[in-house]
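Asker: So that we are looking at the same thing, I have put the structure below in structure tokens.
The values are calculated or read from the model by the stated rules, or taken from the named source; none is laboratory data. Note that the structure is a prediction, hence the values are computed from the model and not measured. Backbone-built Cβ (ideal geometry, glycine too); neighbour counts: all protein chains shown. Only protein heavy atoms, including side chains, enter the accessible area calculation; ligands, DNA and RNA are left aside. Shrake-Rupley method; radii C 1.70, N 1.55, O 1.52, S 1.80 Å.
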Amino acid sequence: MAEGKIRRRSGSAKPDSTHQQDPAAGVDDDVVRNAPVLTIKWTKLAILALFLLTPYLSLLYLLPIERGLMRSILINLAMSVVGFGGTILLIPVASKYVLRRNMFGYDINKRGSAAGKVKVPESLGLVSGIVFLVVAILFQHFIFSQENSISDSYPPENAWLTEYYAALASICFMIFLGFVDDVLDIPWRVKLFLPSIAALPLLMAYAGRTNIVIPKPLRPTLGFNELDLGWIYKLYMGLLAVFCTNSINILAGVNGLEVGQTVIISCAVLIHNVMQISRSEETRHAHAFSLYIMQPFVATSLGLLAFNCETMLLFFLPQILNFLYSIPQ
């Protein structure tokens, strides 16, 4: 879970004679008793969430959105809040189990102090990932079932159901690969290509347009506004998945920065989606599809960030200002 740490795992370590160990599970009682108390800085978390989510929630309230679509967005939002609560409740429980398996690290930012000797549980992003999947799967009842489809023009047999399943399969695959990485310490040369494998279900299920929009400054020179990439589009998206995932993961050495930047980026995506829903009839449901994925993702990521919220978040201030400055664009 925590970032900015030195990993230490020892599955074959012999228990000290003063400890008692569970013969069935190989559990060191002292490991559980001496587990670090996971605390949440509610004030910092509330300020950060309020700062990031207020623009999105304001736009969601103010912009004209079809009634059926708004209903589904709000249901998804309510389920996301429940997902946040579930993440908060389950992370302390899961931390005891990963410590039992000696999956922990030491916070190198506190090296030399007593806090630097505290075992920090790892792999707790698995909790937020599982809670996200549960919320996303349960939400299908409110959008793809016959009696709960969001509008008459969006029936449950719509092709979006296929892409929804493909998106969940890709996310589930990536959660699994992330956990494998935590357990096996996969080298970077291998880890670099894992996201492209996880993205395969979504790429293979995609049957939409393969055009990219040419930036406006280049249009007079090139003489066209869009370029059809064909099969290269899927290759491009696979490589993009590699870039985005590893650009996040490479910052795992600083407390709160890895999951914190995903929250900021995701909130920006939410704002973009809700603005486009009210502007374009053609892409309305595509952006709604994105909202259904991003809202529970932001909620469960905030639940994980709650246990990683450190003073390093002060470095987010320039990013937050840049985020607000970029909203009109």
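Asker: Could you grab the pairs with beta carbons closer than 7 Å, sequence gap of 6+ or different chains, first residue in the range 208-232 and part of a helix (DSSP H, G or I) and among the hydrophobic types (A, V, I, L, M, F, W, C), second one open to solvent by less than 80 Å² (accessible area, probe 1.4 Å) and modelled with pLDDT of 80 or more?
Answerer: L222/I214
Asker: Would you check which residues across the range 259-306 are without any contact (Cβ under 8 Å) to a residue 40 or more places away in the chain and among the β-branched types (V, I, T) and list them?
Answerer: T262, I265, V269, T283
Asker: Here's something else I'd like to know. Within the range 166-196, how many residues turn out to be open to solvent by 60 Å² or more (accessible area, probe 1.4 Å), modelled with pLDDT under 85 and either within 18 Å of the chain's Cα centre (by Cα) or on the phi > 0 side of the Ramachandran plot (or both)? Spell out how you get there, then give the answer.
Answerer: Initial filter on the range 166-196 (open to solvent by 60 Å² or more (accessible area, probe 1.4 Å)): 172-173, 176, 179, 183-185, 188-190, 192-193.
Cutting the leftovers down to modelled with pLDDT under 85 gives us 179, 183-185, 188-190, 192-193.
If we keep only those that are either within 18 Å of the chain's Cα centre (by Cα) or on the phi > 0 side of the Ramachandran plot (or both) as well, we get 179, 185.
Here the count works out to 2.
Asker: Given the structure, is A78 surrounded by fewer than 17 Cβ atoms within 10 Å (Cβ to Cβ), within 20 Å of the chain's Cα centre (by Cα) and either at pLDDT 85 or above or closer than 30 Å to L291 by Cα (or both)?
Answerer: Yes: the conditions hold for A78.
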